[in-house]
2 protein chains.
Amino acid sequence: MPQGAQPRDKVTIIEIADAAGVSKSTVSLVLTGRGSVKPETRERILQVMDELGYVYNRGAANLRNTQSKIVGLVLNDLSNPFFAEFAIGVETVLQMAGYVAFMANTAESVVRQSQVMKMMREHGARGIILCPALDTTAEELALASGPDTALLVAIRRLPGVAASSVVPDNVAGSARITRHLLNLGHRRIAYLGGMSSMVVRQDRHQGFSEAMAKAGVAIDPGLNLECMPTRDGGFSAMSSALALPNRPTAVVCYNDVVAIGAMLAAARRGLVVGRDIAIVGFDDTSEARHVSPALTTIAVDAVGLGERAAAMLLERITNRAAPATSHVGPAELVIRESCGAYQHALTAAG
Amino acid sequence: MPQGAQPRDKVTIIEIADAAGVSKSTVSLVLTGRGSVKPETRERILQVMDELGYVYNRGAANLRNTQSKIVGLVLNDLSNPFFAEFAIGVETVLQMAGYVAFMANTAESVVRQSQVMKMMREHGARGIILCPALDTTAEELALASGPDTALLVAIRRLPGVAASSVVPDNVAGSARITRHLLNLGHRRIAYLGGMSSMVVRQDRHQGFSEAMAKAGVAIDPGLNLECMPTRDGGFSAMSSALALPNRPTAVVCYNDVVAIGAMLAAARRGLVVGRDIAIVGFDDTSEARHVSPALTTIAVDAVGLGERAAAMLLERITNRAAPATSHVGPAELVIRESCGAYQHALTAAG
DNA sequence: CTCCCGAAATGGAACGTTCCATTTAATTTA
DNA sequence: TAAATTAAATGGAACGTTCCATTTCGGGAG
């Protein structure tokens, strides 16, 4: 807008109409592009809007419409690159559909989570994609979704919730990477990280157990170690694992962050990861690639999960009769150095 | 809300009033907490709201109010952990002030940037914190901020824009880390990464040049290498730097991401980073700590910048007479291994 | 010249809230 | 007990849009 007369207070459709010498209805027509209005009139109106610095008031419009174009995206931990990538996937799809994402970070606080979801509904969000904070209960979520706000739960499965869901295949992925270690000849394998109250931990540990059982290898209960899913958690849990009289030869970690902490602990003890001990992760965050030695892990395609989540939510929004559905995304093994597969190949060949 | 009667269509304040046997004005009173209403009446109303699944309609309220509680946060690259941390700082402060952040990712697209800023204003955002996409022009921004939407530009300075701004001290930080390399005895120092059209690159390179000049060390123009600020960019730019007949002994990188790419390229050539060559970064992302060898870099406190940005914007929102201000945040040297300072200390002592 | 028709433009009610000006009820004071 | 005061509750206009039902306009057919 040109330097000139800045309007002090909000300029409305009516002022535009007056200035252009038409009725507010005509202005509304060009705004929505619905009726037919003479091209030169349209031009004149658009020009006036530009001059006066008109800003469309969606709140007022929604009042009659009931059809906003906003979707909420609630993330439990934005500082985790995994969720950032997930968010990017979500945004891409929403944007193409003409929707806009209203995104918020709860930092694992269920209180904050309730607040932002309430806010989003109050602003007329048509749907919400939720990556639930730890300790989220089904009851809380009942409040959050209503007849005109579709809910989709992502990444962390939430038992007892009727919403759609998008999660990676934690069980299969964990089984896959465990099998990889078994194939390399490991038998004393530890499972490390996450708290047993977390659903994701339960799923991943289940995959681990199944793979072990199928291979006929007994699990030492002493090698099931819980810790917070942070680097420091991984570090201290690994330290105690290494202090055991009969320590593991391989460690399946809850996720990459824990694995990196565990690698640090092993290095501190003078062990060369990938030679003296195998350590593997889950998620394939960008750090997994850059850490040294590079981490063998399970790739779950965060962006793809985000895209899928957005697409599924949009489907439920546009076709409100559509039933809640669930999607389980693929989890693929990425072999790098931390498992010692390369070393192993050398010795096996030699 | 209990399993019972799910209302098919939106329930309004009037229906609540009818069901509770009061007038809509009274319901409004309890909603806003403004007038005085008998405790038992309030209770009854609240209970009815709960039963019917009432959702407050902020759009309608803002229609009279003109006072929303939303602030827009526009990020140019969410996949960069630096911006994720910045966002966390912003959110923390906004939340405490009772505001909610409406956050969007532009992925460096100025088109998308205009779209989301327009959307935010249309939804009544009181202010916008913008981390501008590359190639953002001052004209575009003039459209984006109006008399009732305060604008704050963050991280990337934008010459010719009248808005408030929050940026780290790129010049001083870059000079600081260059001095560190000079103190270690380096003389052939390259500057690597970023495109010269980027304001941030200009500032950081200026700090580099000033430090070199002050030390009386000439800059070899052949050691000023541009590349996209990505890991791959850093990798290939570093590869060509190493192919030079008289290659540098130290490299100041545009940021951590570029530095990590550069480290990979050096390792690929068989060089031990921190011994055979020094490489340093800028930003102090979490990766800088975990990469091996750990990266010497400049910490700019992304979270702190975010907090500051939010506080400054809120100030302008609540006190609309307040003038636009600028804040330049500290940039501190973090010495780790990639610069070889530790090695250096050993040899110097021995 | 009148009639008719489609195109273009318009007036007004409605959306869900707030808030001012009132009314009604409850309580205190003289 | 009446008057004065305070607390509690209410009706209605207004906010900026949309959209239905109308009206006006501009020509072409009869």
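The values are calculated or read from the model by the stated rules, or taken from the named source; none is laboratory data. Computed from a predicted structure; not experimentally measured. FYI the Cβ positions are ideal-geometry reconstructions off the backbone, even for glycines, and counts take in every protein chain you see. Accessible surface areas use protein heavy atoms only, side chains included; no ligands, DNA or RNA. Shrake-Rupley method; radii C 1.70, N 1.55, O 1.52, S 1.80 Å.
Per-residue shielding of A:72-78, expressed as the average number of other chain Cβ atoms within 10 Å of the residue Cβ, stands at 2.
The accessible-area loss of the stretch B:101-121 on complex formation, taken against its chain alone with a 1.4 Å probe, reaches 50 Å² or more at B:102, B:103, B:112, B:119. Rounded, prolate or oblate: which fits the protein assembly as shown when a ≥ b ≥ c are the square roots of the eigenvalues of the alpha-carbon gyration tensor, with rounded for a/c under 1.5 and prolate only if a/b beats b/c? Taking the square roots of the gyration eigenvalues as a ≥ b ≥ c, the protein assembly as shown is oblate.
Phi angles of the stretch A:287-296 translate, via the Karplus equation with coefficients 6.51, -1.76, 1.60 and θ = phi - 60°, into HN-Hα couplings of 4, 4, 6, 8, 6, 10, x, 4, 8, 6 Hz per residue; Gly and Pro are given as x. Accessible surface for the stretch B:1-152, divided over its residues, is 46 Å² per residue with a 1.4 Å probe. Residue A:185 label point (Cα plus 7 Å toward Cβ) to equivalent points in the other copies: 4.5 nm, shortest first.
Leaving out ligands, DNA and RNA, and with a 1.4 Å probe, what % of the accessible surface on the protein assembly as shown is carbon or sulfur? Heavy-atom surface of the protein assembly as shown belonging to carbon and sulfur, 1.4 Å probe: 53 percent. Ordering A:141, A:154, A:255 by the projection of their Cα atoms onto the charge dipole of the stretch A:128-262, which places +1 on the Cβ of Lys and Arg and -1 on the Cβ of Asp and Glu, puts A:255 at the extreme positive end. Rounded to the nearest 500, the 222 nm mean residue ellipticity of chain B from helices alone is -14000 deg cm²/dmol, with -39,500 (n - 2.57) taken per DSSP H run of at least 4 residues. Note on the protein assembly as shown: with charges restricted to the Cβ of Lys and Arg (+1) and Asp and Glu (-1), its dipole about the Cα centre is near 20 debye.
Placing a label point 7 Å from Cα along the Cα-to-Cβ axis, residue A:289 is separated from the same position in the other copies by 2.2 nm, shortest listed first. Taking a sphere under 12 Å around the Cβ of residue A:211 and counting the other residues whose Cβ falls inside, with K and R at +1 and D and E at -1, yields a net charge of +3. Rounded to the nearest 20 debye, the dipole size of the stretch A:13-56 about its Cα centre is 260 debye, using +1 on the Cβ of Lys and Arg and -1 on the Cβ of Asp and Glu. Applying the Karplus relation 6.51 cos²θ - 1.76 cosθ + 1.60 with θ = phi - 60° to the stretch B:269-275 yields 3J(HN,Hα) values of 7, x, 8, 9, 5, x, 10 Hz, where x marks Gly and Pro. For a straight C-alpha distance cut-off of 16 angstrom, the lysines reachable from residue A:38 (same-chain residues fewer than eight places away being disregarded) are A:24.
Amide hydrogen proximity for residue A:150: with H placed 1.01 Å from N in the peptide plane, the residues at 5 or more positions away or on another chain lying under 5 Å are A:127, A:128. Within the listed set A:245, A:81, A:168, the Gaussian network model of chain A (springs between alpha-carbon atoms below 10 Å) gives the highest mean-square fluctuation for A:245.
Across the stretch B:146-161, computed HN-Hα scalar couplings (Karplus, 6.51 cos²θ - 1.76 cosθ + 1.60, θ = phi - 60°) run x, x, 10, 9, 6, 10, 10, 9, 10, 6, 9, 4, 10, x, x, 10 Hz from first to last residue, x flagging Gly and Pro. In nanometers and ordered shortest first, the copy-to-copy spacing of the residue B:39 label point, defined 7 Å from Cα toward Cβ, is 7.1.
Remark on residue A:337: its backbone amide H falls under 5 Å from those of A:294, A:295, A:296, a criterion applied only to residues 5 or more positions apart or on other chains, H modelled at 1.01 Å from N. Counting Lys and Arg as +1 and Asp and Glu as -1 over every other residue whose Cβ lies under 11 Å from the Cβ of residue A:325, the net charge comes to +1. Cross-link partners for residue B:69 among the lysines, with Cα-Cα distance under 16 Å and sequence neighbours closer than 8 places in the same chain left out: A:118. Seen against the Cα atoms of chain A and their longest principal axis, helix A:39-52 is set at about 70 degrees. Database remark: amide H of residue B:105 closer than 5 angstrom to the amide H of B:75 (H placed geometrically; neighbours at sequence offset of 5 or more, or on other chains; Pro and chain starts carry no H). Within the shell defined by Cβ-Cβ distances under 12 Å, the residues around residue A:50 carry a net charge of -1, with Lys and Arg each +1 and Asp and Glu each -1. Accessible surface buried at the A:B interface totals approximately 4500 Å², computed with a 1.4 Å probe on protein heavy atoms.
For the peptides A:272-281, A:202-211, residues were scored by their other Cβ atoms within 10 Å and the scores averaged per peptide; the highest-first order is A:272-281, A:202-211. Across the stretch A:13-56, Cα pairs under 8 Å and at least six residues apart give a relative contact order of 40 percent.
On a 0 to 90° scale, report how tilted helix B:302-318 is relative to the longest principal axis of chain B, with both axes built from alpha carbons and the result rounded to the nearest 10. The angle comes out near 40 degrees. By definition, a body whose alpha carbon gyration tensor gives a ≥ b ≥ c is prolate when a/c is 1.5 or more and a/b is larger than b/c, and chain B fits this prolate description. Taking the dipole about the Cα centre of the stretch B:13-56, with the C-beta of Lys and Arg at +1 and of Asp and Glu at -1, give me whichever of B:52, B:17, B:35 is farthest to the positive side. Positive-end residue among those listed: B:35.
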